[in-house]
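Encoded as structure tokens, the structure appears first; notes follow it.
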Amino acid sequence: MELVSTVRHDGNGGVLDDLGTVRGADRWLQRQPGLLATATGNLVVDEELRAAVIGVRRAVRALFARVVSPAPPSPADAHRLMPADEALAHLNAAAAREPVAPQLRWPAQGPPTAGLLSAEADPRVRLVAALARDAVDFLSGPECERLRACHAPRCVRYFIRSHGRQEWCKPSCGNRARVARHYERTRAADPS
């Protein structure tokens, strides 16, 4: 969800892309400590890595649109979604770039934990593959059924519905939607 949420409303009626520049991509990655831990090593964010991360995001957003269908997808990229079969192939290819094996860790004190051991030396490949694996885990997991696109005016987010009647990602989006509906009703009632 963090990766998909890098496309967001800018507060002025437009869309902001947190990964729009190499510097923006680097800032976003620095705020993802769990993700950076998977890419240990000398990770340099450049245009190639930014493009790879955006490629995974495009694939995931296209697959999110498929999940929420027949409801409309997020308006941020509804007009330029990657075809679902292409998105699926892209996501699976990105995940497969890193050969990993499950590893059991069992400290002397405490319960056992599982992790992945990577044979990949390039931290950039590990990072992109980790993003893709996280998306695969989400899309094949139980939370996927609760995925929705927020359709409040100017909102472009996807969100996980926390209760059956939830229509918007945040209360502020609900307020915006109610105000817009009120405005439309008032305008329709006043023929002048």
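Scan the stretch 110-125 and tell me whether some residue there is among the β-branched types (Val, Ile, Thr), within 30 Å of Arg165 (Cβ to Cβ) and open to solvent by less than 40 Å² (accessible area, probe 1.4 Å). No: zero hits. Pairs are defined by a Cβ separation below 7 Å, a sequence spacing of at least 6 or placement on different chains, a first member in the stretch 45-70 that is modelled with pLDDT of 95 or more and open to solvent by 30 Å² or more (accessible area, probe 1.4 Å), and a second member that is in a helix (DSSP H, G or I) and among the small types (Gly, Ala, Ser); the pairs so defined are Arg50/Ala25; Arg66/Ala84.
Being at pLDDT below 95, open to solvent by 10 Å² or more (accessible area, probe 1.4 Å), of a type outside the set (A, V, I, L, M) and not in a strand (DSSP E or B) holds for only one residue in Pro102, Pro73, and it is Pro73. Is it the case that the stretch 43-63 has a residue that's closer than 16 Å to Leu147 by Cβ and among the charged types (D, E, K, R)? Yes, because at least one residue in the stretch 43-63 is closer than 16 Å to Leu147 by Cβ and among the charged types (D, E, K, R). Looking across Gly55, Gly34, Gly110, one residue alone is at positive phi and not in a strand (DSSP E or B). It is Gly110.
Filtering the stretch 132-152 to residues that are in a loop (DSSP other than H, G, I, E, B) and open to solvent by 40 Å² or more (accessible area, probe 1.4 Å) leaves Ser140, His151.
The values are calculated or read from the model by the stated rules, or taken from the named source; none is laboratory data. Keep in mind it's a predicted model, so treat the numbers as computed, not measured. Positions of Cβ are generated from backbone atoms using ideal geometry, with glycine treated the same way; all protein chains shown enter the neighbour counts. Ligands, DNA and RNA are stripped out before the accessible areas are found, and what is left, the full protein with its side chains, is counted by its heavy atoms. Shrake-Rupley method; radii C 1.70, N 1.55, O 1.52, S 1.80 Å.
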